[in-house]
Amino acid sequence: MRVCVVGSGGREHALAHVLSRSCDVVVTPGNPGIPGSVGAPAGEIEADLYVIGPEAPLVGGLADELRAAGRLVFGPGADGALLEGSKAWMKELLVAAGVPTARHGSFDEPEAAIRYLGAMGDMFVVKTDGLAAGKGVLVTSDRAEAADAVRAYMSGEAFGDAGRRVVIEEGLGGPELSVLAVCDGRRAVPLAPAQDFKRIGEGGIGPNTGGMGAYSPVPVADSQVVDEVMDRAVLPTLAELRRRGIDYRGVLYAGLMLTPQGLRVLEYNVRFGDPEAQVVLPRLRSDLADLLAGAAGGSLAQAPAYGDDAAVTVVCACEGYPGAPRTGDLIGGIEAANAEEQVTVFCAGVASVAGGGNGAGSTAQRGQSLSTAGGRVLAVTGQGPDLATARRRAYAGVAHIDWPGRYVRFDVAAEAAASVSGKDTE
Ligand code: AMP
Ligand code: GLY
């Protein structure tokens, strides 16, 4: 089977890497670190299956365009992608479907939003309605800061049009969990659960990012928890989408919090998580292409197979991220990291260094010829029989990666690995 993956980040590198176990894979536009990257747009590429990675083309209707041209596509149409494109719409749908979520209000007008902050407890959460690359969420115990964020979001100053409408919600507490379900319009099967590290700073401090690391499996999420997520969140959501005439074929990614009062959906994404994909996909034992083609065709056959192994991924970012990152520095050590036992480097914000090689897709193998070109640059995944081993391997890979100002969190999966192995792994 020939598969076309759309996107250019670490998630798309992971998709291409795992799909290439059984398929011929092209990636558009990809990046110089992803083998098989091509410049042509998806519509000009002949493939048996199209897998759309990022939310923006899904919200923009790329899946609809490709389907209209008779192609087999994994990824929701613009109608279903609104789950991620508008948090207010998503919240309304969750309430209609009876899915547990945080108490909230949606606002088009700052005074009303600021008044509503008074109805919250001692934690305030302010979210942009529209897409903001994972950065449009403020969680704070400072009401004045929340009110300032409302003004900055709604004036367009902070996130442009994405912030002109905001969702305010109560702050919840508890372990977070990402459950990515593969849907064929009627049925859904969960991939292995993962947990990601959203804040920039160790210990979960500082601003939200697209994700600084992830691990899978998640000790607090046994199969009972996953079943509950499917029964109380994913399946009712899919049924409500269907009731509204939306044939949802793609990933429904539930971002959850396990609160003392039970599970709550914080958000839905309409795609694989990044960096969750970099841990959940490499662990897959069954064929990814079969799974995605089955879902795209409306005939999911069987649940994906996983073993007892674990994976941990650590994102290497540029100095300044999630603000304006410093870019243009030469990246060293990719080859050495990939040579570590069960370590794979997935490339995201990278560019070819001028004169440093021109072979599409093979630049990463030559190690020294990539430079930093975005906030999140690489995700280094380690795999092993347990979380502690996978974690050690991931950081052994990270130790080779080098450029001025390279930033990593060193606490990714530390607590989870220690909880399983019974000892502190830091
Ligand atoms: P979201 O993009 O909605 O997943 O939000 C990004 C991150 O903000 C989440 O992963 C949580 O860490 C945090 N967050 C979102 N909503 C809440 C909430 N209601 N209470 C506490 N933290 C939240
Ligand atoms: N890791 C969070 C996301 O993909 O949205």
Residues of segment 186-240 that turn out to be modelled with pLDDT of 95 or more, over 19 Å from the mean Cα position of the chain (by Cα) and aliphatic (A, V, I, L, M), as a count: 4
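Any idea which residue in segment 97-143 is nearest to Tyr321 (Cα to Cα), counting only those that are in a helix (DSSP H, G or I) and in contact (Cβ under 8 Å) with a residue 12 or more places away in the chain? Outline the logic, then answer.
In the first step, residues of segment 97-143 are kept if they are in a helix (DSSP H, G or I); the result is 97, 110-117, 143.
Now restrict to residues that are in contact (Cβ under 8 Å) with a residue 12 or more places away in the chain: 97, 110, 113-114, 116-117, 143.
Details: Ala97: 37, Pro110: 28, Ala113: 29, Ile114: 29, Tyr116: 31, Leu117: 29, Arg143: 25 Å.
Of everything passing the filter in segment 97-143, Arg143 is nearest to Tyr321 (Cα to Cα).
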Matching helices (runs of 4 or more DSSP H) fully within segment 330-426 where at least 2 residues are modelled with pLDDT under 95 and surrounded by fewer than 20 Cβ atoms within 10 Å (Cβ to Cβ): 414-421
Of residues in segment 136-151 being at pLDDT 90 or above and small (Gly, Ala, Ser), the one farthest from Met120 (Cα to Cα): Ala149
Test: residue in segment 273-289 that is touching a residue at least 60 places away in the same chain (Cβ under 8 Å), within 13 Å of ligand 1 (Cβ to nearest atom) and part of a strand (DSSP E or B): no
Segment 4-46, subset more than 27 Å from Gly213 (Cα to Cα) and among the aliphatic types (A, V, I, L, M), residue surrounded by the fewest Cβ atoms within 10 Å (Cβ to Cβ): Ala40
Check on Leu93, away from ligand 2 (no atom under 16 Å from the Cβ), of a type in the set (A, V, I, L, M, F, W, C) and at negative phi: yes
Those residues of segment 192-220 which are away from ligand 2 (no atom under 16 Å from the Cβ) and either in a loop (DSSP other than H, G, I, E, B) or under 17 Å from Phe272 (Cβ atoms) (or both), in sequence order: Glu202, Gly203, Pro217, Pro219, Val220
Leading residue by the ranking (farthest from ligand 2 (Cβ to nearest atom)) among those in segment 147-171 that are in contact with a helix residue (DSSP H, G or I) (Cβ under 6 Å, 6 or more places away or on another chain) and under 21 Å from Met257 (Cα atoms): Ile168
Whichever residue in segment 31-60 is small (Gly, Ala, Ser), closer than 26 Å to Ser371 by Cα and out of contact with any Cys (no Cβ under 9 Å at 6 or more places or on another chain) and, among such residues, is nearest to ligand 1 (Cβ to nearest atom): Ala56
Matching residues, segment 148-206, being farther than 25 Å from Glu92 by Cα, within 16 Å of ligand 1 (Cβ to nearest atom) and acidic (Asp, Glu): Asp196, Glu202
Residues located in segment 266-311, provided they are within 16 Å of ligand 2 (Cβ to nearest atom) and over 21 Å from Ser20 (Cα atoms): Leu266, Glu267, Tyr268, Asn269, Val270
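Go through segment 244-280 and give me each residue that's among the β-branched types (Val, Ile, Thr) and either surrounded by 22 or more Cβ atoms within 10 Å (Cβ to Cβ) or under 14 Å from the mean Cα position of the chain (by Cα) (or both).
Kept after step one, since they are among the β-branched types (Val, Ile, Thr), are these residues of segment 244-280: 246, 251, 259, 265, 270, 279-280.
Scanning segment 244-280 gives Val251, Val265, Val270, Val279, Val280.
Within segment 252-271, does at least one residue satisfy the condition of being more than 16 Å from ligand 1 (Cβ to nearest atom) and either touching a residue at least 24 places away in the same chain (Cβ under 8 Å) or closer than 22 Å to Val408 by Cβ (or both)? Lay out the reasoning, then the answer.
Initial filter on segment 252-271 (more than 16 Å from ligand 1 (Cβ to nearest atom)): none.
No, segment 252-271 contains no residue that is more than 16 Å from ligand 1 (Cβ to nearest atom) and either touching a residue at least 24 places away in the same chain (Cβ under 8 Å) or closer than 22 Å to Val408 by Cβ (or both).
The values are calculated or read from the model by the stated rules, or taken from the named source; none is laboratory data. This one's a predicted model, so the numbers in the text were calculated from it and none came from an experiment. Heads up, the Cβs are rebuilt from the backbone with ideal geometry, glycines too, and the neighbour counts pull from every protein chain shown.
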